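The values are calculated or read from the model by the stated rules, or taken from the named source; none is laboratory data. Note that this is a predicted model, so its numbers are computed, not measured. Positions of Cβ are backbone-derived with ideal geometry, glycine not excepted, and every protein chain shown enters the neighbour counts.
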Amino acid sequence: MTAPTTEILTIQKFVFLLDDFHYHEFLNYLVERNLKLSIRLTEEIRTYLPKFESADALCKKIYGEKNKAAKLKFNQLASHTFRQSSHLAINYPYYLSPNFTLLAQTVNKGETEKTELLSDALLDIARRIEDRPTQLLVLKFLTQRAFLMKRNSEGVKYMAEIKEVRVTEMCFDEILTTLRIEINANSGPTPDAKQLQSFETMFLAYCKHESKAVRLLAQYAYIYLLFYSDKNRFYDLSTRELMNNLDKDIERYQYIILPFGFDIKSSFTFYKLNSPFANLNSPDGKLDFADLLTHYKSVQFWNSYLNIPELFTIATKTSYYLTQYSHFVYRRDYNKLVKPADLTEIGKIAARCQEMLAGHGNKSDFKSDLINLTLLRAGLLILLGGDNTRLAAEELELMLTSFQQHNFGGATDTIYLFLMLAYFSMKQYDKCKTTYNRYSKSFSTKTFSKSNDIDIQLYFYASQWLKSNSKQYLHKLNATYKRTLEPDAVPGHNKRVLYFFNYFNIPIE
């Protein structure tokens, strides 16, 4: 029936272990990516089962020859095709589990040769992808079989591996528990310096672990720790190398099994895009963002959850575009000042926000995140200009009305800033006044940012000065400008305000 298991290729074992559902999922993924040679190799292997062709025979079928050069290409193809199992790893991490019942069936039927093949292939692939539950199941089976057959030394060897697998799982869980409980930025008090140091030491130690899964998680946890607890080191050049290494490892080991629902690529990319080394407007930066959007769509479990990493990424990109263009939107020649390519991308991101809102609009579990997503979409609509600005104002007003009992926290001033910007751009100066009065009643120095407060006042005072030409508003405009010169002001804010003054011919006192 088969060649010796040592002669069966990894890709052959992998395809052999897939049931019909997972096989077609894998094949469809190859088709979507237009990986023609991988498709052909996979179909050749599947068609020949339950027998296995030699590597030379497969090589000749794919490349028409089996010389040294062809064999080199074939080996690279086999390896590349196996790495495409990343699609199953993230969407169906239990894809080997249908073989559990099949293994019992072969034993119960006395099919010894099939049992040998299945258990060997199952253990080999489980080891490679670090599917520890499957490893443990097969190892326990092999241990019991060894003792039943009086192969005690073999059984002891399997028991030793069981212990190693369990220890590795404990290491992985220690990192994951620390991430979810001890240093979770969304819950609980911030750990003190001593605790943070102990976590950092643990993560760095695990970065050298022999398990690829443990190394990946430890590297990610370390970057996460720096981002939320030590921005100076996060912004340091030494962190750039760490992030580059993790980025490469995530791509290299996407076939490794991680907990279902843990999308490490999406989560890490948020910190990557928020690093000082990222340039969202560069060709590489745009390529990274496009690649990430493609990745989101391939991760199927996000159909049931709001994609928080994507939300963070959209927030980063929106913030970038607002910094670039928000001080132009009120100009008549705005469309000439914004780059057409940027305007197109802003539209795409706004559309994606709408898709996410439509998919989760009735789910209260994500109320705060959906509010932030609505806010981001409004900012993007304002940047699109025209009727989109009016639509942004309407959606923000509706949000304030619909969630009157909700504490918007640090997002409150941004909501009012976007409203002021929208009304000012549309020259609806009476609404600027109404909005400013509402803002003043909710103002809090604890949650509102100084830069947002300056801009809100700027638009309000300018709207009233343009409407009435009153000197009192001119004085207040100049006082607002002076706030941008204070030591704690955002760098460059004064230049943007001066640009504003110049455009509207506002005299500086």
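Is it true that residue 125 is buried (at least 18 other Cβ atoms within 10 Å of the Cβ) and at pLDDT below 95? So residue 125 fails the test. Which condition number does residue 363 fail, the rest of (1) modelled with pLDDT of 85 or more; (2) more than 21 Å from residue 317 (Cα to Cα) being met? Looking at each condition in turn, residue 363 falls short on (1). Against the criterion of being out of contact with any Ser or Thr (no Cβ under 8 Å at 6 or more places or on another chain), more than 27 Å from residue 165 (Cα to Cα) and either part of a helix (DSSP H, G or I) or of a type outside the set (S, T, N, Q) (or both), residue 260 does not qualify.
Name the single residue, out of those in the range 282-304 being of a type in the set (Gly, Ala, Ser) and loosely packed, with under 11 Cβ neighbours inside 10 Å, that is farthest from residue 244 (Cα to Cα). Step by step, filter the range 282-304, then rank; the result is 304. A single entry from 62, 11 fulfils the requirement of being surrounded by 15 or more Cβ atoms within 10 Å (Cβ to Cβ), at pLDDT 95 or above, more than 25 Å from residue 249 (Cβ to Cβ) and of a type outside the set (Ser, Thr, Tyr): 62.
Here is a check on your reading of the model: is residue 255 part of a helix (DSSP H, G or I) and either in contact (Cβ under 8 Å) with a residue 24 or more places away in the chain or surrounded by 18 or more Cβ atoms within 10 Å (Cβ to Cβ) (or both)? The answer is no for residue 255. Of all residues assigned to the range 83-98, none qualifies as being assigned to a helix (DSSP H, G or I) and free of Cβ contacts under 8 Å to residues at least 40 places away in the same chain.
Looking only at residues of the range 223-234 that are modelled with pLDDT under 90 and closer than 11 Å to residue 271 by Cα, we find that the one that is surrounded by the most Cβ atoms within 10 Å (Cβ to Cβ) is 234. Of all the listed residues (501, 448, 460), the sole one being surrounded by 13 or more Cβ atoms within 10 Å (Cβ to Cβ), at pLDDT 90 or above and closer than 27 Å to residue 400 by Cα is 460. All conditions but one from (1) under 30 Å from residue 145 (Cα atoms); (2) at pLDDT 95 or above; (3) in contact with a helix residue (DSSP H, G or I) (Cβ under 7 Å, 6 or more places away or on another chain) apply to residue 5; the one that does not is (2).
Restricting 126, 160, 146 to those that are farther than 27 Å from residue 226 by Cα, part of a helix (DSSP H, G or I), of a type outside the set (Asp, Glu) and in contact with a Phe, Trp or Tyr (Cβ under 8 Å, 6 or more places away or on another chain) reduces the list to 146. When residue 29 is tested against (1) in contact with a His (Cβ under 6 Å, 6 or more places away or on another chain); (2) buried (at least 20 other Cβ atoms within 10 Å of the Cβ), only condition (2) is not met.
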